[in-house]
Amino acid sequence: PMTDSTSPQLRRSLGFWALVFYGVGDILGAGIYALVGKVAGVAGSASWAAFAVALLVAGLTALTYAELGGRFPRSAGESFFTQQALGALVPELPQSVTVVGILLLLAAINFRGMRESSMTNIVATMVELTGLLIVIVAGAIFLSDTPGASISHTIASSSEVSWNSIARGAALGFFAFIGFEDMVNVAEEVKDPERNMPRAILIALVVTGLVYLLVVIVATTVVAPTTLAGSEAPLLTVVQRATDAVPDRLFTLIALFAVANTGLLNFIMGSRLIYGMSRQGLLPSALGAVHPKRQTPHLAILTVLAVALALALSGTLTYLAGTTSLLLLLVFFTVNLSLIAIKRRDRKPLRTFCAPRLIPLAGALSCLGLMPFVPADSLLTAGVILALGAGIVGLNSRRSAA
């Protein structure tokens, strides 16, 4: 059920470029700063190919999200899409006081409003993008001055890597591309979402995809993949080898901006997802309340804050992060099926972007194809999370029907 039009509503304050920055900042996030080493440990010199496969899988589903985000500009996007037809991570920090302080700050920015959150995101995104450009530029200069080191050699040697290793690397690298799906959850705060949402999703994924491929190719050429795999900060290792002009502390600070920005954007996504599901009747109606002055879902924000604090202080968040790729592949598979069903039912022309009919089918099949290569220890955790989520929704549905 939806609330009446007289109750406070979310404020439409995100324009096209603010939405693009939201997507780019969410996709870039903190994942790439650590994942390069993990993927290099699996796919070696073919790490670029692993990221390319991950980009292809994400890109197919991004086209599906682009159409659905324009068709149904509503919070709780995936839940609403699935209902029409038939993913918050805050990185763990070492000291509990710091964790609590950062989470409270993120909650305050979120509560303050989408405009303030958007400005914070734009600044943080520019900082973390600068970090990746440092890797690309410093690495390229180093390679141009180093005899025998060439990107073409790295690409050529990748032919010796097995497809199984590339697929396993793609399953890990896929985590770095998630974030575009979060964009649909702020649809009710976007200006002209039917036009702006599809374009912003695709532009954000193209920009980040190109940056990632350049970073991975340069990184695995400057530093041996085996060395990257053993590094706790693989991109810092690349910068240290490539140049003395960038202080270690500066690059570490840039990585911390990436962590904080990931936390902020997933904070926004989580609260809007809870808000939207409440408005659909899938969660308690109180969670759909909007603050009359700030026009933000304050009770949903408090709920996300409580969950984030519990996870961060318990030390389980790092383990849960390992299952995110699998859970998102399941969500993407379901969303692709949803668009297939919606296209079969609704054939009238639309004002928004429409993906070719084969796209959601290819997207669903690509998600299924990548699932077997996700680390096996992710299966149990993903199953438990799905069971808990289904139990909460089922219990609330019974209460609503009573």
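Counting only heavy atoms of the protein chains, get the accessible area per residue of the stretch 28-67 (1.4 Å probe) and round it to a whole Å² value.
That works out to 20 Å² per residue.
Roughly speaking, what % of Cα-Cα pairs in the stretch 203-263 are separated by over 12 Å, rounded to a whole number?
Counting every Cα pair in the stretch 203-263, those more than 12 Å apart make up 72 percent.
Leaving ligands, DNA and RNA out of it, report the carbon-plus-sulfur percent of the accessible area of the stretch 128-218 at a 1.4 Å probe.
Within the stretch 128-218, the accessible surface is 68 percent carbon and sulfur.
Find how much the distance from residue 104 to residue 146 grows on full extension, using 0.36 nm per residue of separation minus their present alpha carbon separation; answer in nm with one decimal.
10.4 nm
Averaged per residue, what accessible surface does the stretch 124-267 expose to a 1.4 Å probe, in Å²?
40
Over the stretch 115-244, what is the relative contact order in whole percent, taking alpha-carbon pairs under 8 Å and six or more residues apart?
Reported relative contact order: 43 percent.
When only the heavy atoms of the protein chains count and the probe is 1.4 Å, how do 232, 194 rank by accessible area, highest first?
Ranked list, largest accessible area first: 232, 194.
Tell me, what is the Rg over Rh of the stretch 234-309, with Rh the Kirkwood radius over Cα pairs?
Using Cα coordinates only, the ratio equals 1.28.
What does the highest-first list of 174-180, 131-137 look like by mean Cβ count within 10 Å?
Top to bottom by mean Cβ count within 10 Å: 174-180, 131-137.
Ranked highest first by average number of other Cβ atoms within 10 Å, how do 52-60, 139-147, 40-48, 298-306 line up?
In descending order of packing, they fall as 40-48, 52-60, 298-306, 139-147.
Please report the accessible area of residue 157 (heavy atoms, 1.4 Å probe, ligands and nucleic acids excluded) in Å², nearest 10.
Residue 157 has an accessible surface of roughly 30 Å² with all protein chains in place.
The values are calculated or read from the model by the stated rules, or taken from the named source; none is laboratory data. Computed from a prediction, not measured in an experiment: that's the story for all the values here. A quick note on method: Cβ atoms are made from the backbone with ideal geometry, for glycine too, and the neighbour counts reach across all protein chains shown. Remember, those area values only see protein heavy atoms, side chains included, never the ligands or the DNA or RNA. Shrake-Rupley method; radii C 1.70, N 1.55, O 1.52, S 1.80 Å.
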